[in-house]
Amino acid sequence: MIVKETKLKGCFVIEPTIFDDGRGSFFESFNKQRFNEKTGLDVDFVQDNQSFSQRGVLRGLHIQKNEFSQAKLVRVIKGKVLDVAVDVRENSSTYGQHFSIELSGENNKQLFVPRGFLHGFSVLENDTIFSYKCDNYYNKASEDGVIYNDKDLRIDWLLDKKEIVLSEKDIKLKTFKEFTK
């Protein structure tokens with residue numbers, strides 16, 4: 001496995017070693033010991049989640065706050081997304097900056113999003129299956145977020161504005177300035 005830290009400290013791109021032969025392919029999608037060695041982190045994932053979406057769906061930008069904060073290891077099983085992490089750790093030198101990467105069932109890349117980050121993704125292909133591990137349990141009362149088209153964050157979601165499909169919850173999210181007050 002190849003692990004590279006992004007420009008956002010503690011946020012890593014992970015590329016598995018893939019073994020191909022005449023039958024197909026195999027790769028280890030997660031190994032706690034290798035993950036901890038390569039990242040220098042000791043993360044204990046406790047919950048796995050999965051979503052199924054069509055092109056144009058945009059989920060995010062979400063965060064769990066306070067004692068329910070979550071680190072995530074995200075990947076795409078089938079299809080393709082643009083995955084986005086935004087650093088909102090108060091004393092971070094990259095506060096307010098974002099990192100984005102295309103994750104797909106073809107490239108099998110993963111993104112580790114540490115606690116203290118907003119997270120979201122736009123779906124770039126129909127019938128996309130998105131999967132992620134969390135190191136803390138979901139708590140509805142602790143959820144928060146920032147609207148996907150915030151003018152200060154200026155994230156290019158790789159979708160035409162009229163393609164974007166949002167949940168009722170995501171339509172009502174705060175601006176980045178409102179979030180940081």
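Any read-out appearing in this document is the output of simple, stated calculations on the displayed coordinates, not a laboratory observation. No experiment lies behind these values; they were computed from the predicted model shown. Positions of Cβ are backbone-derived with ideal geometry, glycine not excepted, and every protein chain shown enters the neighbour counts.
By how many nm would the segment from K9 to E125 grow when fully extended, if each residue of separation counts as 0.36 nm and the alpha-carbon distance is taken off?
Separation in residues times 0.36 nm, less the Cα-Cα distance, equals 38.8 nm.
Tell me, how many Å apart are the Cα centres for the range 1-33 and for the range 131-181?
Here the answer is 27 Å between Cα centres.
Please give the length that would be gained between S29 and Y137 if that part of the chain were fully extended, namely 0.36 nm times their separation in residues minus their C-alpha to C-alpha distance (nm, one decimal). Before the final figure, lay out the partial values.
Values: separation 108, 0.36 × 108 = 38.88 nm, distance 2.09 nm.
Computed gain between S29 and Y137 is 36.8 nm.
Quick check on the exposure proxy: order H119, H62 from fewest to most C-beta atoms within 10 angstrom. Could the numbers behind the result be given before it?
Working: H119 22, H62 18.
Ranked by crowding around the Cβ, least crowded first: H62, H119.
Tell me, what is the FRET efficiency for N91 and D21 to the nearest 0.05, using R0 = 45 angstrom and their Cβ-Cβ distance as r?
Values: r = 49 Å, r/R0 = 1.08.
Efficiency, from the Cβ-Cβ distance: 0.40.
Out of G79, L8, S69, whose Cα points farthest toward the positive end of the dipole of the range 1-118 (charges: +1 Lys, Arg; -1 Asp, Glu; placed on Cβ)?
Going by the Cα projections, it comes out as G79.
Going by how many other beta carbons lie within 10 Å of each one, how would you line up Y95, Y132, fewest first?
Ascending Cβ contact count within 10 Å gives the list Y95, Y132.
Which of rounded, prolate or oblate describes the chain when judged by the alpha-carbon gyration tensor and an a/c cut-off of 1.5? Intermediate values should be presented prior to the final figure.
On the way: a/c = 1.77, a/b = 1.25, b/c = 1.41.
Verdict is oblate for the chain.
Quick check for me: using +1 on Lys/Arg Cβ and -1 on Asp/Glu Cβ, what's the dipole size of the chain about its Cα centre, in debye to the nearest 20? Intermediate results must be reported in sequence, preceding the final value.
Working: 28 positive and 28 negative charges, 77 e Å.
For this selection, approximately 380 debye.
Efficiency by 1/(1 + (r/R0)^6): what FRET value for N49 and R154, r their Cβ-Cβ distance, R0 = 30 Å, to the nearest 0.05? Intermediate values should be presented prior to the final figure.
Working: r = 28 Å, r/R0 = 0.93.
Computed FRET efficiency for N49 and R154: 0.60.
Give, rounded to the nearest 20 debye, the magnitude of the charge dipole that the range 129-181 has about its Cα centre when Lys and Arg contribute +1 at Cβ and Asp and Glu contribute -1 at Cβ.
Working: 11 positive and 11 negative charges, 31 e Å.
Dipole about the Cα centre, nearest 20: 160 debye.
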